[in-house]
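Below is one structure, written out as structure tokens; the observations come after it.
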Amino acid sequence: MTACIDTPPSWMVLERYRLGELGAGEADAVRRHLAACSCCSAVVTYIDAELRP
């Protein structure tokens, strides 16, 4: 895994993003970050797997 392209969003922010708990502006910022950052995208993939029952 490569390093994050910028200041990474916290794990909690990424979890809240996946749960749909962020406001529109914050969710959009996370979405833009994930589009450019394979490292954080991999973390979200992991979170997705953990959130599945």
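The values are calculated or read from the model by the stated rules, or taken from the named source; none is laboratory data. Because the structure is predicted, anything quoted here is derived from the model rather than measured. Cβ atoms come from the backbone with ideal geometry, glycine included; neighbour counts cover every protein chain shown.
Identify all residues within region 14-36 that are of a type in the set (A, V, I, L, M, F, W, C), outside any loop (DSSP other than H, G, I, E, B) and either surrounded by fewer than 17 Cβ atoms within 10 Å (Cβ to Cβ) or touching a residue at least 60 places away in the same chain (Cβ under 8 Å) (or both); write none if there are none. Talk me through it step by step, then tell me what you get.
Residues of region 14-36 that are of a type in the set (A, V, I, L, M, F, W, C), as a first pass: 14, 19, 22, 24, 27, 29-30, 34-36.
Adding the requirement that they be outside any loop (DSSP other than H, G, I, E, B) leaves 14, 24, 27, 29-30, 34-36.
Result: A24, A27, A29, A35, A36.
Beta carbons closer than 7 Å, at least 6 apart along the sequence or on distinct chains, pair a first residue in region 38-51 that is under 14 Å from L19 (Cβ atoms) with a second that is at pLDDT 90 or above for V44/L14; V44/R18; V44/L34; I47/L14; I47/E15; I47/R18; D48/R18; L51/R18. Applying the condition of being of a type in the set (G, A, S) and either touching a helix residue (DSSP H, G or I) at 6+ places or on another chain (Cβ under 9 Å) or closer than 19 Å to E50 by Cα (or both) to region 12-40 and asking which residue is modelled with the highest pLDDT yields A27.
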